[in-house]
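Before any comments, here is the structure.
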């Protein structure tokens, strides 16, 4: 390998007659006038002056090439390999053309490839095209994981990519971008597995109900790691919720706003009507009674309701309404009160107010990964409250340390969300966005970090995107997203051009710690998503199951005449408790005949179903 | 848009009509009749098969095939202000890393022998060119015998021109080949003979036009057919060559091949080798010769670079940069 052509201080071309180059591999240039320089291949090309099988306009067919080969001449051997190599550090002078080029040894690249030890970092995958160097790698970096290649599990052959967790303190927050099917969710899963291995307290907002880590992936034979005790799935409304009594007026406004946007008048209504330590019911009642009073229209009309009240209870209730009416009618317009009421009802029906977040706090205290599941809308509502709450707990603790006062310990933690553009959208305000924005800007100080995944980086709030110091970029096809990625990362033009063609699981990692972009392959996940079963397979197996169940019921009752189905239906109902109408039963029997499980024959008395010989 | 002069248009139309008239009889000739004529009077039309890889491997084990070709290029203006460079290459299929290259240059400004510049300068220069080129080609072939010990040598072009322009060396090459049993053939892309036309004339004296084989044979052979020309009608026979015509690709044009007469027995095998090495959808030239040709070619850029790099700028400008080279329109 030699340096060829015109060189600069940043880039050179390297040519070889024997060795093909691979993108992102490292080479050492031995310039006789400078010290050895390390460069990375950014473009790889091959060239054969006799192929594209076109010599003076002729197309060469394969048989002729074969014949030439038989005569001892292999045209492929005339191929020249050319690569464009970008130097990692600028050289003092342009490189001497003709300098020798060689592959680096592991020791020479160790410092730029591996920033931390296996124990202190997250082992996310392999740095691509480093297999040559990996041969001389220290034992501690070998056999850490498997990768998936062409649908097969392969042992690690390359240098591992170990993300330096501690550097998050200086370069906080991670973005995970990639279209659907690009391996983004898998990448996130691997990231979370590593966080669990490190026992990092983590909150995962999971609108897809997919972040379950109890199933070990079917392709892993030996048990490597068990995450059962390291994570907990909690559903909003079922396991966790908002404790209404703890809410401030601002919290409540955020929540209601998340249910549906609040007008200024509505905000005002909450400020006036909500009293600290209100319970859901006391607040709800107040709103309800005020609206009922307002529906009457005037104090006089309410007075007449009091007078015509049938019992003391009713009269008392109307007196209370009157009191509310007199104090609040002027300041709280009827429509706004109604608006607050139905929003509150909506949240109540979702079960948001029926539980608290105690379990989440305990989980975090114990260094667990807490997965919060719910629909996107519910999660938006709940996360606003939850993140505010947890972030401020952590903040209070840290601030108390500064002020040398005492506060309850609350650990640092990481917040992870998929579809993060729903939680922090660009262009319009949303309650969860303000807390995420605050954490993105100040979280570093308090040890609260974000991992935001999205398939639409363009739709994610720009202030937040700018704070993501490490970005994992999977295959992206949409031009506008590639544009965003180009603006927000240090990916080069060439790399951006490759984005639509990346294989599933291949990823560019643009990280401030590394100072450059690394091309890696995400390791095979240890656990598997609960959604991996194909819905069409599911359908098939479900039908099969049903058929078998039905066959088991009727097989002993065959043969049966088509005219005796009423009796058969009765008999089945008595034995199994399953009710079939005659039509229903006939339909099922016909299906069984179609599927070749039983036979149908014609007799002089009509049709008869019988078992197959 | 190009503007065509009317005069040019009518001249070309005229030429077209003349050709049509002259060749009417041929164009009307029945294909079967012509093929019958060839079979009886010229030589047998024979179908060839391609050589199989086993056969080729045998050639490889016997030393492989050497292709020889030459190239020339000229830089500068009109006589005598120019330089011509010549290059010949002998390349073996088995020793592909050791191409044998010979080179020479010529400029009338510094003739090696005394010559009178006024006397028929064009013809003299043409001769010079042919002599220089033929000589280094033959020398390259000779050297390749020494170095590669090949099974056969394929020369690019007919062999007869070596008799004319490099007689001494050529005789040496012939002898060496005969002694060492190396088959020597020439592959002719553009056949210039008129064997069939002349024979027709002899048989039917009423034909007074001269027809060339290239015209007559165009499209008349099937892909993979050859004509083994009988020595008595072959005009190269007195010089010691046997010849064959063949259609080696799907293009309708015909190529020729010469072999030294003492090796006549290998003629069919060599024709089959040429056929095997020629891509189906090509102009009919064996790929190996095309590869050699491409490698030996002295391009205008190389020529220019050569002059600019190795000649003083003053001398280069004074003698060899023509007005044409500076034209930019």
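The values are calculated or read from the model by the stated rules, or taken from the named source; none is laboratory data. Predicted, not measured: the structure shown is a model, and the values here were computed from it. Note: ideal-geometry Cβ built from the backbone for every residue, glycine included; neighbour counts use all protein chains shown.
Only one of these conditions is not met by residue A:328: (1) assigned by TED's automatic domain parsing to the domain that holds residue A:273; (2) free of Cβ contacts under 8 Å to residues at least 24 places away in the same chain; (3) surrounded by 16 or more Cβ atoms within 10 Å (Cβ to Cβ). Which number is it?
Of (1) assigned by TED's automatic domain parsing to the domain that holds residue A:273; (2) free of Cβ contacts under 8 Å to residues at least 24 places away in the same chain; (3) surrounded by 16 or more Cβ atoms within 10 Å (Cβ to Cβ), only one is false for residue A:328: (2).
Restricting to the range A:70-90, and then to whatever is buried (at least 20 other Cβ atoms within 10 Å of the Cβ) and under 16 Å from residue A:15 (Cα atoms), can you tell me which residue is farthest from the other protein chains (Cβ to nearest Cβ)?
Filtering first and then ranking leaves A:85.
State yes or no: is residue B:97 under 30 Å from residue B:310 (Cα atoms) and within 14 Å of chain A (Cβ to nearest Cβ)? Working first, answer last.
Details: under 30 Å from residue B:310 (Cα atoms): yes; within 14 Å of chain A (Cβ to nearest Cβ): yes.
Judged against the criteria, residue B:97 is a match.
How do the strands (runs of 3 or more DSSP E) wholly within the range A:91-192 filter down when requiring 1 or more residues that are surrounded by 21 or more Cβ atoms within 10 Å (Cβ to Cβ): which remain?
Details: elements: A:100-102, A:121-127, A:146-149, A:152-155, A:160-164, A:174-177.
Output list reads A:100-102, A:121-127, A:160-164, A:174-177.
State which residue is farthest from residue B:70 (Cα to Cα) when the search covers only the range B:134-150 and only residues that are in contact with a helix residue (DSSP H, G or I) (Cβ under 7 Å, 6 or more places away or on another chain) and surrounded by 23 or more Cβ atoms within 10 Å (Cβ to Cβ).
First pass over the range B:134-150, keeping only residues in contact with a helix residue (DSSP H, G or I) (Cβ under 7 Å, 6 or more places away or on another chain): B:134-135, B:138-139, B:141-142, B:145, B:150.
Applying the additional criterion that residues be surrounded by 23 or more Cβ atoms within 10 Å (Cβ to Cβ) yields B:134, B:138, B:141, B:150.
Values: B:134: 8, B:138: 10, B:141: 11, B:150: 19 Å.
If we take residues in the range B:134-150 being in contact with a helix residue (DSSP H, G or I) (Cβ under 7 Å, 6 or more places away or on another chain) and surrounded by 23 or more Cβ atoms within 10 Å (Cβ to Cβ), then B:150 is farthest from residue B:70 (Cα to Cα).
Can you spot a residue in the range B:103-120 that is at pLDDT 90 or above and within 14 Å of another protein chain (Cβ to nearest Cβ)?
Within the range B:103-120 (the criterion being at pLDDT 90 or above and within 14 Å of another protein chain (Cβ to nearest Cβ)), the answer is no, since none of the residues qualifies.
Any chance you could count how many residues in the range B:62-92 are more than 15 Å from residue B:296 (Cα to Cα) and at the interface with another protein chain (Cβ under 9 Å from one of its Cβ atoms)?
Total satisfying the criteria: 2.
Would you check which residues across the range A:384-427 are exposed (fewer than 15 other Cβ atoms within 10 Å of the Cβ) and either on the phi > 0 side of the Ramachandran plot or in contact with a strand residue (DSSP E or B) (Cβ under 6 Å, 6 or more places away or on another chain) (or both) and list them?
A:404, A:427
Go through (1) touching a residue at least 12 places away in the same chain (Cβ under 8 Å); (2) more than 15 Å from the chain's Cα centre (by Cα); (3) away from chain A (no Cβ under 13 Å) one by one and return the number of the condition residue B:257 breaks.
Against the list (1) touching a residue at least 12 places away in the same chain (Cβ under 8 Å); (2) more than 15 Å from the chain's Cα centre (by Cα); (3) away from chain A (no Cβ under 13 Å), residue B:257 comes up short only on (2).
Being over 19 Å from the mean Cα position of the chain (by Cα) and closer than 19 Å to residue A:171 by Cβ is the filter here; which residues of the range A:488-513 pass it?
Matches in the range A:488-513: A:488, A:489, A:490, A:491, A:511, A:512, A:513.
Looking for something farther than 17 Å from residue A:206 by Cα and surrounded by fewer than 18 Cβ atoms within 10 Å (Cβ to Cβ) - is there at least one such residue anywhere in the range A:366-383? It would help to see each step written out before you state the result.
From the range A:366-383, those farther than 17 Å from residue A:206 by Cα are A:366-367; that's our starting set.
Then keep just the ones that are surrounded by fewer than 18 Cβ atoms within 10 Å (Cβ to Cβ); that gives A:366-367.
Scanning the range A:366-383, I find at least one residue that is farther than 17 Å from residue A:206 by Cα and surrounded by fewer than 18 Cβ atoms within 10 Å (Cβ to Cβ), so the answer is yes.
Those residues that are in contact (Cβ under 8 Å) with a residue 60 or more places away in the chain and assigned to a helix (DSSP H, G or I), I need them from the range A:465-474; list them, please.
So the first thing to find is which residues in the range A:465-474 are in contact (Cβ under 8 Å) with a residue 60 or more places away in the chain, and the list is A:465, A:467-474.
Within the range A:465-474, A:465, A:467 qualify.
With the requirement that a residue be within 30 Å of residue B:187 (Cα to Cα), in a loop (DSSP other than H, G, I, E, B) and either more than 30 Å from the chain's Cα centre (by Cα) or within 14 Å of chain A (Cβ to nearest Cβ) (or both), what does the range B:287-329 give you?
Keep residues of the range B:287-329 that are within 30 Å of residue B:187 (Cα to Cα), which gives B:287-303.
Now narrow it down to the ones that are in a loop (DSSP other than H, G, I, E, B): B:297-299.
Correct list: B:297, B:299.
Can residue B:228 be described as more than 30 Å from residue B:142 (Cβ to Cβ) and not assigned by TED's automatic domain parsing to the domain that holds residue B:144?
Working: more than 30 Å from residue B:142 (Cβ to Cβ): no; not assigned by TED's automatic domain parsing to the domain that holds residue B:144: yes.
The answer is no for residue B:228.
Condition first: more than 15 Å from residue B:247 (Cβ to Cβ) and either in contact with a strand residue (DSSP E or B) (Cβ under 9 Å, 6 or more places away or on another chain) or free of Cβ contacts under 8 Å to residues at least 12 places away in the same chain (or both). Can you find one or more residues in the range B:279-287 that meet it? If you could, list the steps in order and put the result at the bottom.
Taking the range B:279-287 and keeping what is more than 15 Å from residue B:247 (Cβ to Cβ), we get B:287.
Then drop every residue that is not either in contact with a strand residue (DSSP E or B) (Cβ under 9 Å, 6 or more places away or on another chain) or free of Cβ contacts under 8 Å to residues at least 12 places away in the same chain (or both), which leaves B:287.
Checked the range B:279-287: at least one residue is more than 15 Å from residue B:247 (Cβ to Cβ) and either in contact with a strand residue (DSSP E or B) (Cβ under 9 Å, 6 or more places away or on another chain) or free of Cβ contacts under 8 Å to residues at least 12 places away in the same chain (or both).
Condition check: on the phi < 0 side of the Ramachandran plot, within 14 Å of chain A (Cβ to nearest Cβ) and in contact with a strand residue (DSSP E or B) (Cβ under 7 Å, 6 or more places away or on another chain). Does residue B:236 satisfy that?
no
Which residue out of A:583, A:567, A:547 is part of a helix (DSSP H, G or I) and surrounded by fewer than 11 Cβ atoms within 10 Å (Cβ to Cβ)?
A:583
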